[in-house]
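Readers should treat all values here as calculations from the given coordinates under stated rules, not as data from a laboratory. For clarity, every value in this text was computed on a predicted model and none was experimentally measured. No Cβ is skipped: glycine too gets one built from the backbone with ideal geometry, and neighbour counts run over all protein chains shown.
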Amino acid sequence: MTRDEIGELAAAYALGALEGGELARFEALLRAQDADALAALRDAESTLVDLAAAAPTPPPPAVKAALMERIAAEPVAARPPAVLPLSRRRRPLWPVILSGAMAAGLAAVVVGWSVSATYEHRLDALARDADQLKAELRSQQTVLKILRDPATQVVSLAGLPPAPSARARMLWHATAGGVFVAAGLPAPPPGKAYQLWAIAGGNAPVSAGVFSVDASGTGSLSVAPLPGVSAVNAFAVTLEPAGGRPAPSGEMYLLGKS
Amino acid sequence: MPPAVAGSETFPALIARIATGDRDAFSRFYDLAAPLAFGLIRRVLRDPEAAAEVLQEVFWQVWKEAPQYDPKRGSPEAWLVMRAKTRAIDRLRSMRRRDRTFVGPVDEAVTRAEDAPGENPAARAEDRGLVQTALAQLPEPQRRVIEMAFFDGLTQSEIATKLGEPLGTVKTRARLGLERLRGALGEGRMSAT
C-alpha cells in the first residue's frame, strides 16, 4: 500500500467516513500496530482536534452536575472490569410473559381466599377487594382475548444502535389493545423513560404509553386500544423525558414493522 | 489546545488519575476539555438538548473507559474528540432513521437539527463560526467533503453519490483537505501567539 493510500484510509477513518471492507482493512492495520497507519491517523486526528478547538463552546452547567451526581451514585468499589463481555446472554421473552400471567393468576387466588375468610366482618373491604378482582379479571380477559384472537398481530421489535441487543414483542389487537414486553434495554438515565409509539399509515406516531425497565433491563406495558388507530404498520420505542412527549423527540431504541 | 498546566494537571496525568477513580481529576478534566468536545458536538447536532445528552454520554465513557486509554494511540484530546464525534454522528444517524420511520410531524427542535446535509453550505458554514476561518482556506471541493463527513456524518460512498463524483476523487479530497487544513491550523496558531 502506498503512503497516499494509507493517508486516504486514515483521513476517512478519522472523519468517520470509512465503511465496509476498507474500514476492516484499516482497523486490521491499527491492530497490527502498523507504524505508517498509526502515524497517519495521529496526524489526521490531531488536525480534527485543532479544528474542534478552533470553536470551543461552554456546555450547559447541568451536564457537569448530572455527571458528578451519576459518579457519586456509583458504588466506590465497583470500578468496571477493563473488558466488558461482548454479548449478554439473551433471556427468552415468553417466560417473562408467562410468569407475569401466572403471578397475576396466583394473586387472584390469594385475594379470593382472603376475601372469603373475612367477608363477614369486613364488608367494605370485601367490596374493595371484589372491585380489585374484577379489574384483575378484566385485564386477564383482555390478555386472553388478545392471545386467542387470530386477528392479533405479533410484532417483534429489534434493538437499534443505542441498544443493539435489546428486543421486544408486541401482541396487538386493534379493538382489545395490546401487551408489550421488552428486554435488554439499558436503565434510562434520571428523568427519562421509554415511550412506545404506534405508527399507522402516513399519520403522526401515536403514543401507546410510557414504561421503565427493571435492573435486568426488562419492562412491560399493557396498552389500551388506541382511538382512531386500526392497522398499525410499526411499533417503535424512543427515550423521552419522564412522562412522555406528544411526539417522539429522543433516540430510537427499538423498531418493529408489522 | 489545553491551557498551560503543570505536572499532575496535564491531560495524560488527569486521565491516569481518572482511571483510578479520582473524581477531582475527572472534574478538572471536564472543566478543561468539555468546551472542546461540546463545540464539536454542537456543530454536528443543532438540537441543544440532544447535544447536552451526547456530551454527558461522552464524559460518562471517559469516566468508565479511562483505564483503557492508550497514549501510544494518540493524545487525550484526540481520544476525547474522536469519541465526541462518533457519538454525535451516531445520534444524528439515529435521528435521521427515526425521522424516516415516523412519517409525521416530529418536534420542531429536532427537525431543525436535521437540515439536509450540504444543501445550504453558505448558511451552515456561517453558523460554524470560527471553524469556518480554517475551513475557508480549503478549495471548495475539499471543504465540502470534510464538512459532509465530519459534521453531517455521511460515509465516503454516500458523499460520492451525493456529489456525483467517483469514490476515488472523494477519498483524495478528504486526504488533501486534511493535509491542507493541518497547514492552515498550524499557521493560525503560530500567528496567534
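Listing for the model above:
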item	result
Segment residue B:9-residue B:165, extension gain: residue separation times 0.36 nm, minus the distance between their alpha carbons	51.5 nm
Mean-position separation - Cα centroids, the range A:1-38 and the range B:41-92, in angstrom	21 Å
For the range A:160-175, 3J(HN,Hα) per residue [Karplus equation, 6.51 cos²θ - 1.76 cosθ + 1.60, θ = phi - 60°, Hz, x = Gly/Pro]	9, x, x, 8, x, 8, 6, 7, 7, 9, 10, 9, 10, 10, 4, 9
Packing-based exposure ordering (other Cβ within 10 Å, fewest first) of B:41, A:71, A:6, B:18	A:71, A:6, B:18, B:41
Built amide H within the under 5 Å cut-off of residue A:254, gap 5+	A:160, A:237
